[in-house]
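Note sheet for the following structure.
The values are calculated or read from the model by the stated rules, or taken from the named source; none is laboratory data. Model, not experiment: these values are computed from the prediction. Cβ atoms come from the backbone with ideal geometry, glycine included; neighbour counts cover every protein chain shown.
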Amino acid sequence: MTDTSPSPVQSVPDHPTVLAAMRLAGRAPSVHNTQPWRWVFDGVGLHLYRDDDRLLTSTDPLGRQLVISCGAMLHHVRTAFAAKGWHTDTTRLPDPDRSDYLAVIEFRPWPEPPVGVRARASAIDRRRTDRLPLHAPTGLSQLLHTGRMLVTPHDLVLDLLDESARPKLATASEHAAAVRRYDLEYQTELHWWTGHSGDPEGIPREALVSDAEFARVGVGRIFPSAPHSARRGTLEDHACLLVLSSQRDSVTAWLHTGEALSALLLECTAAGFATCALTHITEMPSSRKLIAGMLPHPGIPQVVIRVGSVPDDELEAAPTPRRPLVDILTTRYE
């Protein structure tokens, strides 16, 4: 007799699916491209741990930007698995006795994820951090509407700063750079993680901008300068400035900030915009207070995001490197 009973529904992704999703999600952005995360898949759940060996002790002594980076990776992972037909149930900070244990994901089949999720997943490989001058974005109202819908579940608020904010933030950027110009530990850390091509981590030399190019942007972290060039000619930066803010400053808020940032960056990419996330402005208490005063509501600024458009005839920039999957993912099957 032929068995005609339906096959049991698979309860967890198989090994090839896990590897493919994690390889894609590894494109998540992180501070200085440090990629400060470790993942363990035990055959049932996927566990996220912070990698404190990659903590920027001078730039980020409290680990705020490290956790935001891990949150961005967490959202990238959930998005990548959703595109492969898996719903992810996430528990954040599952063990109060382990500060390095940030989240655990469990799975349910999800045959028909929303179109928007698939679009954001397809944008993962195309997303870049663009530190060059940008044209003003068009269709911004729709992006803001969608972006606010995406960040609200994370208890984050998304605001658009008006044009009067640009010179103030440029001054805040200059002030932050001046304060740290002679900070030997900060400068050593910065040079360790930037300007080295061919490494699987850090910001490669080709992703940096020259002094002349940065002068037309103004709002950004000052990295070691690239060789002199004048890409995008005389284009002055007209990117809009968005702010993600939270009600609290806690590990949970930082993790959610990273998730909301990831969703916003991928939505921008899917809509054809270029982006550059900035956390250096919120490293200094004075700059944080300045940005908070620009918001139409009480809140703690976590990230500023430049959003704009690149010239139509420009070729796509090369992707920045990522660590091999074997370095960030351990699989243990019972």
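The table below lists the values:
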item: Unmet requirement for residue 236, which otherwise passes all of (1) charged (D, E, K, R); (2) surrounded by fewer than 18 Cβ atoms within 10 Å (Cβ to Cβ); (3) under 18 Å from the mean Cα position of the chain (by Cα); result: (3)
item: Matching option when the condition is under 23 Å from residue 30 (Cβ atoms) and surrounded by fewer than 24 Cβ atoms within 10 Å (Cβ to Cβ), among 290, 265, 278; result: 278
item: Qualifying positions in the range 71-98 - of a type in the set (Ser, Thr, Tyr) and closer than 22 Å to residue 303 by Cβ; result: 79, 90
item: Selection within the range 296-331 - under 22 Å from residue 26 (Cα atoms) and within 18 Å of the chain's Cα centre (by Cα); result: 303, 305, 317, 318, 319, 320, 321, 322, 323, 328
item: Test result for residue 74, outside the structural domain of residue 187 (by TED's automatic domain parsing), part of a helix (DSSP H, G or I), without any contact (Cβ under 8 Å) to a residue 40 or more places away in the chain and closer than 27 Å to residue 332 by Cα; result: no
item: Residues that are crowded, with 16+ Cβ neighbours inside 10 Å and either part of a helix (DSSP H, G or I) or modelled with pLDDT under 90 (or both), drawn from the range 182-194; result: 186, 189, 190, 193
item: Verdict on residue 147 being of a type outside the set (Ser, Thr, Tyr), assigned by TED's automatic domain parsing to the domain that holds residue 299 and crowded, with 16+ Cβ neighbours inside 10 Å; result: yes
item: Some residue of the range 197-208 being touching a helix residue (DSSP H, G or I) at 6+ places or on another chain (Cβ under 6 Å), in a helix (DSSP H, G or I) and not assigned by TED's automatic domain parsing to the domain that holds residue 35; result: no
item: In the range 153-181, the residues that are outside any helix (DSSP H, G or I) and of a type outside the set (D, E, K, R); result: 156, 157, 158, 160, 161, 164
item: Residue check, residue 103 under 20 Å from residue 16 (Cα atoms) and not in a loop (DSSP other than H, G, I, E, B); result: no
item: From the options 34, 79, 91, residue that is on the phi < 0 side of the Ramachandran plot, without any contact (Cβ under 8 Å) to a residue 40 or more places away in the chain and either surrounded by fewer than 22 Cβ atoms within 10 Å (Cβ to Cβ) or β-branched (Val, Ile, Thr) (or both); result: 91
item: Among residues of the range 183-206, those that are more than 23 Å from residue 327 (Cα to Cα) and aliphatic (A, V, I, L, M), counted; result: 1
item: Answer from 208, 244, 169 - the residue that is at pLDDT 95 or above and aliphatic (A, V, I, L, M); result: 244
item: Selection count where residues are in contact with a helix residue (DSSP H, G or I) (Cβ under 7 Å, 6 or more places away or on another chain) and without any contact (Cβ under 8 Å) to a residue 40 or more places away in the chain, scope the range 283-334; result: 1
item: Members of the range 212-222 found to be surrounded by 16 or more Cβ atoms within 10 Å (Cβ to Cβ), free of Cβ contacts under 8 Å to residues at least 60 places away in the same chain and over 17 Å from residue 241 (Cβ atoms), listed by number; result: 222
